[in-house]
């Protein structure tokens with residue numbers, strides 16, 4: 001397979017869609033991009049980007065454990081990511097008042113332990129080399145139709161939940177005190193949101209890898225929020241950017257053979273940086 | 001000996017100020033500022049300041065927010081340069097006699113997570129600037145001398161009961177006592193305390209003020225304590241230096257905290273009222289950034 | 001086990017790296033700079049792979065990248081922490097760059113067996129030659145000595161910056177020196193447990209120590225001791241159980257220590273002992 005990029009978009013698109021794996025990759029990528037943008041938009045609003053990263057790292061032993069146990073990888077991702085989300089949700093309730101020092105040490109350790117565990121499972125599984133890179137940095141080769149279907153289900157589920165709780169969630173995220181006073185179930189909503197985040201993270205990690213989930217989840221949404229403060233516009237922009245970035249990354253990776261992770265992070269950084277710079281100039 | 005930099009009309013009052021000075025602590029000046037001015041960037045904070053701190057005195061540094069009280073302490077520590085005038089601290093330029101000055105900066109409260117013992121914090125006051133790490137077995141004699149001194153100052157401030165607890169778990173008043181112990185560790189001649197009573201409840205404010213006065217009298221330490229409310233300190237202070245309107249006035253509390261003196265200082269019509277509970281309140285202060293409702297002196 | 005050279009090398013380098021990481025980690029947690037350790041792990045990976053792609057010794061890229069990053073942090077000062085999102089996106093890009101280098105290296109003629117990625121990510125403590133182990137040990141020893149030298153003033157300025165500065169402690173210089181030490185230690189620890197698991201040595205033992213004692217110098221010692229124990233136990237376990245990678249073993253043991261510290265095992269133990277009497 002030696003695709004060659006030409007200036008003719010039709011021919012390029014033709015080359016892209018030639019192979020089923022690529023069609024699956026584009027489909028999965030699009031679905032994942034939409035989830036990422038919608039959930040990520042709230043993540044940026046609630047300033048929970050670090051939690052994102054931790055959840056994705058926690059899903060790593062899930063995936064490799066699933067491989068070891070002979071289960072479909074997706075199940076491992078989802079179980080561990082959602083489990084991690086619940087652990088964080090209830091852990092922070094029990095923990096009570098914590099400080100910056102204590103928390104960062106805990107989070108750092110949890111991340112390292114999760115990665116160590118994941119690596120252990122992979123070693124036991126025996127298929128270390130490629131698996132490590134695939135799990136950590138993503139791959140768009142080898143996505144099956146079944147995976148695409150699962151992702152679609154998750155996307156519809158996530159979309160449905162967000163449509164239902166979106167408004168109170170927004171209220172609670174922006175002004176917790178007033179929301180609580182108004183009867184919005186702030187605590188319950190944050191648990192729901194964390195679970196949703198877990199689902200999103202698990203879905204995204206399957207395509208772009210555990211370590212780069214953050215980039216897709218946070219960057220397009222953050223870029224959109226920098227460009228405009230009008231709610232519907234910024235949501236729509238986030239989704240658009242996310243899908244465009246994913247397509248661009250996949251196309252770039254396909255034609256140049258560069259790693260998908262590199263393509264995606266570069267594109268998202270460039271757009272985010274541009275929005276940042278434009279903001280600074282304006283303000 | 002002029003203490004205040006009030007305008008001409010107040011000169012007569014100055015003579016009375018001088019005459020009314022109580023005998024007591026020796027008249028030798030530990031700190032002297034002559035015609036001093038200090039600026040933050042382009043803006044002058046205060047100018048034409050002529051004040052002194054005499055040995056063994058307990059002096060309150062007062063004034064509204066932003067008047068330059070903390071700046072005054074920074075000048076004494078050599079952390080801020082004068083734009084005009086001279087300053088001498090313990091007979092040398094500011095910043096040269098650091099080891100003889102104990103300093104308590106503003107608003108240090110340790111949050112719950114700081115799991116270091118109060119005692120260790122006090123010990124740092126003694127040896128924190130020395131390189132290396134204390135190792136078991138080395139320099140036994142020096143280490144036991146250090147420990148003895150730490151015990152001494154902790155006892156002096158009455159913090160023995162909680163000095164071994166992590167400082168983050170101590171109450172505001174307890175933390176302040178430990179921090180005063182830290183400032184005392186090197187037997188300073190001059191103690192500079194920046195808003196140590198801020199945020200403490202009334203009983204703690206009273207006990208810390210009493211503690212400071214005790215240290216003053218017993219060990220002959222000169223103390224400059226910055227506060228934004230004179231009332232807790234009123235019965236303990238020897239003198240007051242009041243910063244406002246870009247200038248400063250010094251004298252006993254009854255001399256300085258009067259309608260006349262403060263109006264002259266602010267250059268506006270302020271009034272000093274005494275409430276039924278005995279507290280002094282200043283009203284009509286021209287605005288400086290932040291609070292209007294200073295229950296003040 | 002000790003008869004085997006690769007084990008001896010691992011323990012030699014590992015022990016000193018553990019002590020250095022434990023000591024520095026105590027301060028990292030105290031100064032709430034764990035995020036810096038995280039950032040360093042990203043650049044460590046990319047630095048090592050950049051070096052490999054260019055064809056020079058991994059360690060050159062490793063040290064150059066981490067120390068450079070440390071100096072940048074020191075230079076930026078408070079602004080380095082400004083914005084979670086910007087920092088995260090930037091470091092995600094650095095990881096992406098690392099993957100690019102990895103692919104370049106694998107595709108090139110000197111590609112090797114493709115193990116490089118796993119080695120950079122998860123360490124190769126059993127793969128250290130005598131010379132490599134010795135060099136790592138020497139560097140770690142220098143780090144340990146320097147840390148002990150600056151420990152007291154660093155403690156002072158970390159806990160009580162206003163007073164320490166008023167007393168003449170050179171705060172900015174110490175902060176910069178500290179970050180450079182951390183950078184170098186990150187490079188060292190990467191050789192042992194890999195870039196991804198760095199925080200297992202830098203944060204876990206220190207976190208445990210902070211929970212166990214409020215006495216700073218004792219805390220430093222405990223942190224170093226836990227790190228050291230984690231390395232030894234991890235290496236021994238990994239030697240016994242072939243399928244257990246050493247870096248995973250080390251980090252999982254360190255994590256276990258942290259959990260024990262959380263449940264206040266010492267108190268628990270004392271309580272149990274009292275009850276059984």
Worksheet, complete the sentence: D (µm²/s, integer) via Stokes-Einstein for the range B:8-283, Kirkwood Rh across alpha-carbon pairs, 37 °C, 0.692 mPa s: value 166
Practice prompt. Mind pulling the per residue volume of the convex hull built on the Cα atoms of the protein assembly as shown? Å³ is fine.
Written response: 212
Discussion item. To make sure I understand, if each residue's beta carbon is the centre and we count other beta carbons within 10 Å, what order do C:250, C:233, A:35 fall in, fewest to most?
Written reply: C:233, A:35, C:250
Response to the item:
Checked chain C against the a/c 1.5 cut and the a/b vs b/c comparison, axes a ≥ b ≥ c from its Cα gyration tensor; verdict oblate
Worksheet item: How crowded by other chains is C:115-121, given as the mean number of beta carbons from other chains within 10 Å of each beta carbon?
Response: 4
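Give the average, rounded to an integer, of partner chain Cβ atoms located within 10 angstrom of each Cβ in B:161-170. If you can, show how the numbers build up before the last one.
Details: counts 0, 0, 0, 2, 1, 3, 2, 2, 1, 0.
Partner Cβ neighbours, averaged per residue: 1.
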Worksheet item: What number, in percent, do you get for the relative contact order of the range C:5-276 if the mean sequence gap of Cα pairs under 8 Å and at least 6 apart is divided by its residue count?
Response: 32
Fill in: Inter-label distance, nm, simple model (7 Å from Cα along the C-beta direction), residue A:240/residue C:225
6.2
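In units of 2.2 N^0.38 Å, what is the alpha-carbon radius of gyration of the range A:126-278?
Details: Rg = 17.4 Å, N = 153, 2.2 N^0.38 = 14.9 Å.
The value comes to 1.17.
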Discussion item. Along its three principal axes, how long is the range B:159-261 when you only count alpha carbons? Whole Å, largest extent first please.
Written reply: 49, 27, 24
Fill in: Mean Cα-pair separation over length for chain A, i.e. relative contact order, pairs under 8 Å, 6 or more apart, %
31
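Based on the Cβ-Cβ distance from residue C:240 to residue C:134, what FRET efficiency comes out when R0 is 35 Å, to the nearest 0.05?
Numbers: r = 26 Å, r/R0 = 0.73.
The formula returns an efficiency of 0.85 here.
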Worksheet item: Label points 7 Å out from Cα along the Cβ direction at residue C:6 and residue B:259: separation in nm?
Response: 9.3
Response to the item:
Yeah, the range C:25-99 with a ≥ b ≥ c from its alpha-carbon gyration tensor (a/c under 1.5 is rounded, else prolate when a/b outruns b/c, oblate otherwise) is prolate
Worksheet item: Using 1/(1 + (r/R0)^6) with R0 = 25 angstrom and r between the beta carbons of residue B:44 and residue B:93, what's the FRET efficiency to the nearest 0.05?
Response: 0.70
Fill in: Hydrodynamic radius of the range A:212-282 per Kirkwood, over alpha carbon pairs, in Å
12.3
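Compute the FRET efficiency between residue B:161 and residue C:149 as 1/(1 + (r/R0)^6), taking r as their Cβ-Cβ distance and R0 = 45 Å, and round to the nearest 0.05.
Numbers: r = 35 Å, r/R0 = 0.78.
Efficiency at R0 = 45 Å is approximately 0.80.
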Worksheet item: Where in the range A:210-227 does the label zone of residue C:83 land, with the point 7 angstrom along Cα→C-beta and an amide N cut-off under 16 Å?
Response: A:215, A:218-227
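Over the whole of A:147-157, what's the average partner chain Cβ count within 10 Å per residue? Rounded to a whole number, please. Could you put the intermediate results ahead of the total?
On the way: counts 0, 0, 0, 0, 0, 0, 0, 0, 0, 0, 0.
Across A:147-157, the average partner-chain Cβ count within 10 Å equals 0.
Among B:62-71, A:176-185, C:197-206, A:110-119, what's the highest-first ranking by average C-beta atoms within 10 angstrom per residue?
Working: B:62-71: 22.3, A:176-185: 13.1, C:197-206: 33.4, A:110-119: 26.3.
Peptide ranking by packing, descending: C:197-206, A:110-119, B:62-71, A:176-185.
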Worksheet entry | Whether chain A is rounded, prolate or oblate, judged on the alpha carbon gyration tensor where a/c under 1.5 counts as rounded | oblate
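We did not get these values from a lab; they are worked out from the coordinates using the rules stated. Note that this is a predicted model, so its numbers are computed, not measured. Here Cβ is always computed from backbone atoms with ideal geometry, including for glycine, and neighbour counts include all displayed protein chains.
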